[in-house]
Structures are given as structure tokens and as C-alpha cells.
Amino acid sequence: MARRFDVDRAVAYAVAARGWQLLTGQVTALLIMFCLTKVEQGYYYAFVWLLGMQIFVELGLHVVIINVASHEWSELKSVDGEVEGSPRALSRLASLNRIAVRWYLFAAAIFVVAVSVAGVVYFSGTTGSAEFVTDAESSTVRWFSPWLVLVLLTGLQLGLLPMTSILEGCGQLATINQFRFWQGMAGSFVVWSLLFGGFGVWALCGSAAVRLIGESYLALGRYRKFFATLRDQPPTEVVDWKSEVVPLQWRIAVQGAFHWFATHLAGLVLFKEYGPAVAGQFGLMWTVLTAIQGAATSWIDTRRPVFGRLIAERNYSELDRRFFSLCRISIGLVLAGTLLFTVGVVVVNQFSNWFFDKIALKLPDVQTVLIYSLGFIAFQPAVCANIYVRAHKKDPFLLASIISNSAIAALTVSLGTIYGIVGSVSGYLIGVAGILTPLWVGIWWVTRQRWHAVDDNGSLTASASQEEGL
């Protein structure tokens, strides 16, 4: 069964972690329904959307790190926890690690200050108070202290991201994903305990603390020898940051910023225009569908290092064989997951009892869920195409990403302001199916033909060679 679906240990644990999040997310959702008020639920998801602003300081560097490290790792290996192999590749990997760590320490500091202030301004403008807001059930939502603690914990975790990204690019995904699976289980139990204990939005801080402890253990504990090897390596050969990192990074950074507007802004606008309760309904639906897509994407996303190695070896036939197989599985999983979720919403709306009525009250109607699900299904081929192309250490998606994500943001915000949740999800479906996916898949098709073109002797054609040099 594992061979049929192209599953190795890295994929198995990644999918298990996503599957755990998907299954336990239902338990978390039930606890949110019964332990939080509708207004608290809105704040819970607004915290998550605002934390996504880290893209504005992190600038997508971790994706570049994974791709660059995977190319160097094709000439290296891990022996007793230390890195051995080509001296040139080892030196280049060490230089990548040094620069990335310095970058992320600076980015983490900026994140903590800027996002903390942004959140305080946003929530104060909504509630008119720096600490309390009273909801319709005459309870209080205390957001100020948990917000600051959550941003601090997330910022500390951001400082460790370059090291875990290096590990992912260096073929350590099986170990990392295994650890993150157990980490996800621990995080779920912490969140459940805090929700059940009446701590409200502090539950997000508990989850962030578990992630920080886990990332610290990986980077500073288990792989201590690995990074000691990189720190002790003299800089004889270095990664040319301007020519090898910046050209890809700034494109990913711009695209990431526009992607935030396309995926996170709608919920924040609903929070402002229709209140935290409506935003909470949207947030719960968004969380479930995002988890489904994340589980499906992990089937192919975990193969970035493998794709990078095959590209470095110019083994394009094996690259395509693996990609098409994984792509079919990934899209199929999104279809199955969204169908199951939509059917579940139909069931809770058809049968009336205190349990189902409570669930239905915290979710949008069936029509809204179906429209949003179709948007996620339409997006998955574009996700697969993006991973494939970026594995070449190139990114031709800049203009297409700006156009498509700007259109999605404009549609979700404008239609959401007028028609509420159903307007937001309709705008998302129109933007994804009509603009984003056709553009991204078209770019994948063109670049694949150009970059992998070969003549009768198996050599790259002149046009493909020129593309390789760009």
C-alpha cells in the first residue's frame, strides 16, 4: 500500500501529523463551541490571521533555504550526527546557515515589535478598549495580555526557523516529521486542557509554547552536532546571496505578502464589518479546509529535497514520474476531504438536536461551505505546480501571483463587505478558478517544456541551457 501511494517515512509522519490535526481539530472545534462564546471564537481566529503577518518580515526565506540546501545536500551526508562529504558543498551549506540565522534573528525582533503594535491597534479600534470587550452573553474577552504573549512566543519560534529549514533541505524530513507528529499530539492536549479549563484565547499561547519547545529541541538539542559542524566549517566556498538567494527570495516575499491579503484579509474584514461572531464562523470553516489542504499538500511538499536532488542530477524523467503520481494523490485527497466536510455540514443542518444545533450555530450554512470547498479544490493543482517549479531554484510566478492574489483579495473583501461570508467565499472561488489556477498551471507547463528540453543526444538544447543560466 505504501509503495502504491509513494509513501516513505517522511511522508507517512507528515500526513499522520496533518491527519492528527484534521481529526483532533474536530475535538478542538467542539471545545471552542462549548467553552468559548461566539465572540471569543472570533478573537481566537483573528489572532491566527494577524500572526500570518510574519510573512512581511520573514520574506519567504525558509522556502529558498530548503531548495538551496537540498542542492548542496546531494553531495553530502550525515555520519554520527555530523556532516560529511564534498568540502565545497559543506562550505556553501555552512555559509547559508550563518547568513540565514543572522537574518532570522533580526526578522524575529522586528516581528515581535511590529505585529504586537498592529494587533493592539486593530483590536483597540474594534472594541474601543485596550483590554476588555463585552459580548452579547455578558462575558468579557481579555485579549491584550494573551496577544502579547502569543506574539512573543511566535517570534522566538521564528528565530529558529532557518535551522529547521536547513534540516528539511538536508534530507532530515523523516526525523523532523516524526517529532512534529508527537509535538502536534502534545499541542492538542495542551490546547484542550486550556480550553476546558476556561482559559479562552490563552489556548493559542499554550500551542505556541509547545511548538517553541519542540523546535528548540530539534535545532539546539538533537541536531547539535549537525550545526556544530556547520559553525566550525571555514568559509572557503560561500553561497552568493545576491545571485543565488535574493532573486528567488524577493519574488517569494512579494508573493507571500499578496497571498496573505488573499487568504487572511477576508476574515479580518468580516471581524470589523460583521463582528467577531460572524468572523468566528468563517474562521472555523477556514481552519478545517486549510487543514484538509495542508494534509493533501504534505504528500508532495515533503518531496522538495527529492525534487531538488533530481533536478541537480538532471534526471527529469524520474522527476516527472514522481511529480505526476504525487500530484494525483494530493488533488484526490483534497477532493475526498472537502466532500466529507461538506457532507458533515449537511448532516448537522438536517438533523435537529442540541448537539448538532450547537455545531450548526458555529458554522456557516451548507451553500457557503460548498462554495468555499470548491475554491480549495480548484487551488490544489496550482499548489502542486508551484512546488515543482520552485524546486528548480527559480520562480517565474511573480507577476501571475500579484495579479491573481490581488484579484482574490479585491473580490473577497468587496463581496464580503456587501454580502458577508457568502460574498467572501464566492469571491475566493471566482478568483482561484478563473484567474490563479489557469495562470499558475500555464506557467508550470511552459517552464517545464523550456527547462527540460533535450536534443537527440540527451543534452540540453541551447534555449534550455540559456534558461538554466538565468
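Every read-out reported here was derived from the displayed coordinates using simple, explicitly stated rules and does not represent laboratory data. Bear in mind that the values here come from a model prediction, so they are computed numbers and not experimental data. Positions of Cβ are backbone-derived with ideal geometry, glycine not excepted, and every protein chain shown enters the neighbour counts.
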Taking Cα atoms, the helix 9-35 axis meets the longest principal axis of the chain at an angle in degrees (rounded to 10) of 10 degrees
Partner lysines whose C-alpha sits under 17 Å from that of Lys358, ignoring same-chain residues fewer than 8 away, are Lys38
Helix 437-451 sits off the longest principal axis of the Cα atoms of the chain, rounded to the nearest 10 on a 0 to 90 degree scale, by 10 degrees
Taking Cα atoms only, helix 421-431 is inclined relative to the longest principal axis of the chain by an angle, in degrees rounded to 10, of 20 degrees
In whole percent, the Cα-Cα distances of the chain spread across 20 Å bins from 0 upward as 23, 58, 18, 1
Once Lys and Arg are counted +1 and Asp and Glu -1 for all other residues with Cβ under 10 Å from that of Met33, the total becomes +3
Restricting to Cα pairs under 8 Å and 6 or more apart, the percent relative contact order of the chain works out to 22 percent
Cys in the chain lacking any partner Cβ under 4.7 Å -> Cys35, Cys170, Cys205
Two pseudo-spin positions, 7 Å from Cα along C-beta at Ala410 and at Asp320, lie apart in nanometres by 3.7 nm
For the stretch 224-331 the GluC sites (Glu not before Pro) that pass both the DSSP coil test and the at-most-11 other-Cβ-within-10 Å test are Glu313
Given pairs Lys77/Lys394; Lys242/Lys272; Lys272/Lys393 and cut-off 32 Å on Cα-Cα distance, the over-length ones are Lys242/Lys272; Lys272/Lys393
CD proxy, 222 nm, the chain: helix-only mean residue ellipticity via -39,500 (n - 2.57) per DSSP H run with n ≥ 4, per residue, nearest 500, stands at -26000 deg cm²/dmol
